[in-house]
1. Looking only at segment 367-423, count every residue that is surrounded by 18 or more Cβ atoms within 10 Å (Cβ to Cβ), away from the ligand (no atom under 16 Å from the Cβ), part of a helix (DSSP H, G or I) and not hydrophobic (A, V, I, L, M, F, W, C) and tell me the total.
2. Checking residue 208 against (1) closer than 16 Å to residue 149 by Cβ; (2) buried (at least 22 other Cβ atoms within 10 Å of the Cβ); (3) hydroxyl-bearing (Ser, Thr, Tyr), only one condition comes out false. Which one?
3. Can you tell me which of 309, 260, 314 is within 27 Å of residue 52 (Cβ to Cβ), at pLDDT 95 or above and of a type outside the set (D, E, K, R)?
4. Between residues in segment 31-43 that are within 6 Å of the ligand (Cβ to nearest atom) and residues that are acidic (Asp, Glu), which pairs lie under 7 Å by C-beta distance while being six or more apart or on different chains?
5. Of all strands (runs of 3 or more DSSP E) completely enclosed by segment 50-165, which ones contain at least 2 residues that are within 16 Å of the ligand (Cβ to nearest atom), small (Gly, Ala, Ser) and out of contact with any strand residue (DSSP E or B) (no Cβ under 8 Å at 6 or more places or on another chain)?
6. Scan segment 431-465 for residues that are under 18 Å from residue 262 (Cα atoms) and open to solvent by 20 Å² or more (accessible area, probe 1.4 Å) and jot them down.
Amino acid sequence: MTPTLTRRHLLQGSLAGLTAGMSGGCARHLPSRRVVIVGAGLSGLNAALILERWGFDPQVVEAQERVGGRLWTLDHLPGSPEGGGNVMGSHYGRILKMAHDLGVPLRSPPRTLPTDYFIGNQRIPRDDWASAPANPLPDAWRNTPPSRLMGKLNASNPLLKTRAWHDPALMATDQSALSGLRALGFPETAITLIGTNNSYGNNLADTSLMSLYRVMGEFGRLSGPALAVREATQGNMRLPEAMAGQLARPVEMGEPVTAVHQSSTETRVTLASGKVLNADAVIMTLPLPALQQIDMDLPRARANLLGEVDYHKVIQLHCIVEAPFWENAGWGGSWWTDSLLGRIFTRPIPGTARYNMTVWINGDDCDELNILNETACTDTISRALWDLMPDAREVTSVGQLVRWSNDPHAGGAWALWRPGQAATAHPALRAPAGRVFFAGEHTAESYRGMEGAMESGERAALEVMRLLA
Ligand SMILES: Cc1cc2nc3c(=O)[nH]c(=O)nc-3n(C[C@H](O)[C@H](O)[C@H](O)COP(=O)(O)OP(=O)(O)OC[C@H]3O[C@@H](n4cnc5c(N)ncnc54)[C@H](O)[C@@H]3O)c2cc1C
C-alpha cells in the first residue's frame, strides 16, 4: 500500500518523519513522477525503494551486469570472499534493518587468524612485538602494534559526534595528516608505520587529519559488544540483490549512462546503447571517477571538483589455501608487512579444511602494480608472497585479482578527503544541480561505507520528493 506523502512529512526534513507515516492509509496518491537513478549500488537502490514506497516511479539504470557496485561477492571462489565491502558495523542501522526486512541472513564473520609482523623481511611473532629488535618504535610506543597506532589519535579527537567533521570550529584539524601527526607528537617511526598500510589515505601528506579523526572517532565510539561486526551469510551482494528484487521496475542492467541533460521541466538520460530516458528528476550515485565520465550540464567549478577528490587505492589478491602452512612455524596465519604485500588476512572457510587468504595492498603502493597487465600484476604479487613465505607455495592457489582503481565503474575503493576538503568540497558535491541530485558514499554526512551509501540514498530521495511532491 502506498502511504500518503504530506507537506508535513517533507517539512520535517528527514526520512524519520516519512518512515513514521508509513503505516498510515493511502488517501491521496501523488501523480506518478518518473525518477531515473543512475547506479545500482546500495545508495541508488535505497533511494529507489524509498521513492517507490512513496508513490514515485523510479527506474534504476546500471552499467554492469550485476547490482551491488562496490559490494562484490566473489561467488566463483570457494568461501565466496568479498572483493568489495566486507563488514557491517553494529551501528549500521539502515543496513541491518534492510537485511532484516528483506530476510537476508547475517552472521558474525569467521574469525580472521591472528596477525604476525614482517618488518624489513624480519618476522616478528605477535607476542614478541613489544620487545623485538626490529620494532622501530620508541619505548613509550613499543607496546602498540602497527595496526593500532592510528587509534592513538582518539586521545586528541575533537569529533564527538558523527557530523562534527563539518563543524567550522574544528576546521583547524582539516590539515595534512602528516604535519598534523607530527604536531601531535607522534614519533616519525610511528608515522611511517601508520602510512605503510593505511586504509584511509593513499599517503599521509595528501590526507586530511580531520578525515582520520572521523574514521577513528567512529571506531572509538564503539566498545564492548558494539564492536561486533556482521556480514551476509551468503555474501554481502545478496543484500543489494534482494533490494533490487523489491522494485516494481527491474533494474536496467548493462546500460552505462553517458549523458544527462536537463530543461526547467524535465531531464534526459542518454544510455550508451543510444536509448534516451525522460524523467522528472535524476539521482546520480556514481563514484566521482565514474561521474566525471558523464556528459552533464554542471557549472565549471562543480565539474572541476569531481576530479579533485582522491579515491583510495586498493589491490587484493584472493587466494585459496589447502592446508595451514603457517602452523608448523608457529605463525598465526595473518600478517602485517611493510613490504609490497601490505596486509595478508586469512580466515577459515566454514565447513571445510581450507582457508581464504587475501593479500590487501593499500594506497600509493598500488601505483606500480596498477600499471601492469592482469597477469604481470598477479605474478608480481604471488612472487613476493612465495619469497616471503616459501611454505605457502605448495598449498596456495590464486583465485582472483581485484584492482579497484582500474575499475572504470568505481575508480577506487572510497572517497578520500584532502586537507581543506571537509569544509568545501564535501558539501558542494552533494548539492543538487537543478533536477539532478547526487548520492553515493562520498556524499554521506554521518556515516561512511555501506551505511553512508544508504544514508546518502535516503537524503537524495527526500530532496527529490521536496522538488516533485
Ligand atoms: C575493497 C573495499 C572494501 C570495503 N569495505 C567496507 C567495509 O568493510 N564496510 C563498509 O561499510 N564499507 C566498505 N566498503 C565501502 C562500501 O562497499 C561502499 O561505500 C558502498 O558499497 C558504496 O555504495 P554506493 O552506492 O555509494 O556506490 P557503488 O556501490 O559504487 O554504486 C555505484 C554504481 O554505479 C554504477 N555505475 C558506474 N558508472 C555507471 C554509468 N556510467 N552508468 C550506470 N551505472 C554506473 C556502478 O557499476 C555501481 O553499481 C568497501 C569498499 C571496497 C571497495
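1. 1
2. (1)
3. 260
4. 39/62; 40/62; 43/441
5. Numbers: elements: 57-61, 115-119, 122-124.
The strands (runs of 3 or more DSSP E) meeting that bar number zero.
6. Residues satisfying the conditions are 431, 432, 434, 435, 463.
Rundown of residues vs (1) polar (S, T, N, Q); (2) more than 30 Å from residue 123 (Cα to Cα); (3) away from the ligand (no atom under 15 Å from the Cβ), yes/no style:
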residue	(1), (2), (3)
287	no, yes, no
290	no, yes, no
295	no, yes, no
300	no, yes, yes
308	no, yes, yes
315	no, no, no
327	no, no, yes
330	no, no, yes
339	yes, no, yes
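Rundown of residues vs (1) in contact with a helix residue (DSSP H, G or I) (Cβ under 8 Å, 6 or more places away or on another chain); (2) of a type in the set (A, V, I, L, M, F, W, C), yes/no style:
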| residue | (1), (2) |
| --- | --- |
| 355 | no, no |
| 369 | yes, yes |
| 380 | yes, no |
| 424 | no, no |
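The values are calculated or read from the model by the stated rules, or taken from the named source; none is laboratory data. All values derive from a computational prediction rather than experimental measurement. Don't worry about glycine lacking a Cβ; one is built from the backbone with ideal geometry, like all the others, and counts go over all protein chains shown. Only protein heavy atoms, including side chains, enter the accessible area calculation; ligands, DNA and RNA are left aside. Shrake-Rupley method; radii C 1.70, N 1.55, O 1.52, S 1.80 Å.
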